[in-house]
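Read the figures in this text as sums done on the coordinates, not as results from a lab. None of the values given here were measured: they were computed from a predicted structure. Heads up, the Cβs are rebuilt from the backbone with ideal geometry, glycines too, and the neighbour counts pull from every protein chain shown.
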Amino acid sequence: DQQVKQNSPSLSVQEGRISILNCDYTNSMFDYFLWYKKYPAEGPTFLISISSIKDKNEDGRFTVFLNKSAKHLSLHIVPSQPGDSAVYFCAARPSGSRLTFGEGTQLTVNP
Amino acid sequence: KAGVTQTPRYLIKTRGQQVTLSCSPISGHRSVSWYQQTPGQGLQFLFEYFSETQRNKGNFPGRFSGRQFSNSRSEMNVSTLELGDSALYLCASSLAAPPDTQYFGPGTRLTVL
């Protein structure tokens, strides 16, 4: 049972435009959500997180939106840069329990 | 501060063999989690350790085992290797358990022939 799903395996955008990565979850007990970025031959690195008491969190070019009623999470990158090309994983956890990761979305930003 | 280190980085084994992977967390971190990454499957949770105790275990067969030492270093062992065990094995550390933000190592790429 895949409780965290990233339905788009890949996304391609032009440099300078907005990248929107999506994530859906099924477990209503999830209360903390994160995005990680992964380059080839490296481990995932933490990008941004959001608690369920918020609906938006911003850090520089990265903004995460949480829609609890739709059980939907999205990551916006504005403006996109070629160095943002990587696999992006969303993750979620219920209070007091472990993280569950999605399958990942390969983002390619074209110069 | 040094990051999470994993050894070895690459490993080739044959079916039926066993393997031990090692993870050294960030200094001061007491929680270590292990994940298996395969194409299209994302990061599948293996186990989580905190203060030498296994707190959580994922849905993997008993061939997969792990432990954590008093210095928070962790090892995972896979016995009787199968072709399907070929994957990137990632270790992540965090200050506390359950973990909020986890910091990942570069992973060990295991190939089973």
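Per residue of peptide A:37-43, the mean number of Cβ atoms on other chains within 10 Å of the residue Cβ is 4. When the Cα atoms of the protein assembly as shown are aligned to their principal axes, the ranges along those axes come out at 48, 37, 36 Å in descending order. In chain A, a dipole from Cβ-located charges (positive for Lys and Arg, negative for Asp and Glu) runs towards its positive end, and of A:Gly104, A:Ser74, A:Leu11 it is A:Ser74 whose Cα lies farthest in that direction.
Each part reduced to its alpha carbon centroid, region A:49-111 and region B:1-43 end up 24 Å apart. Mean per-residue shielding of peptide A:86-99 is 3, counting Cβ atoms of other chains within 10 Å of each Cβ. With both labels modelled 7 Å from their Cα along Cα-to-Cβ, the A:Arg61 to A:Asp31 distance reads 3.4 nm. Only alpha carbons enter this Debye calculation for chain A, each as an equal point scatterer, and the log10 of I(q)/I(0) it gives at q = 0.10 Å⁻¹ is -0.26.
Taking a straight Cα-Cα cut-off under 18 Å and skipping sequence neighbours fewer than 8 places away in the same chain, the lysines within cross-link reach of A:Lys71 are A:Lys5, A:Lys54, A:Lys56.
Less than 14 Å from a label point 7 Å out along the Cα-to-Cβ axis of A:Gln106: which backbone N atoms in region A:1-28 qualify, by residue? Within reach of a label on A:Gln106, which here means backbone N under 14 Å from a point 7 Å along Cα→Cβ, region A:1-28 contributes A:8-13.
Normalised by 2.2 N^0.38 Å, where N is the number of residues, the alpha-carbon radius of gyration of region B:44-109 equals 1.12. Given their separation in residues at 0.36 nm each and the Cα-Cα distance between them, B:Ser27 and B:Arg73 gain 15.6 nm when the chain is fully extended.
For region B:1-53, the Kirkwood hydrodynamic radius from C-alpha pairs, put into Stokes-Einstein at 4 °C and a viscosity of 1.567 mPa s, yields a diffusion coefficient of 98 µm² per second.
Across peptide A:101-108, the average count of Cβ atoms from other chains found within 10 Å of a residue's Cβ is 3. Hey, how much of the P(r) for chain B falls beyond 19 Å, as a percent of Cα pairs? So the portion of pairs separated by more than 19 Å is 38 percent. The residues neighbouring B:Arg55, those whose beta-carbon lies less than 14 Å from its own, together hold a net charge of +3 under the Lys/Arg +1, Asp/Glu -1 convention.
Annotation: aspartates and glutamates with alpha-carbon distance below 16 angstrom to B:Lys13 (same-chain offsets under eight excluded): B:Glu82, B:Asp85.
Given +1 at the Cβ of Lys and Arg, -1 at the Cβ of Asp and Glu and no other charges, the dipole of the protein assembly as shown around its Cα centre is 320 debye to the nearest 20.
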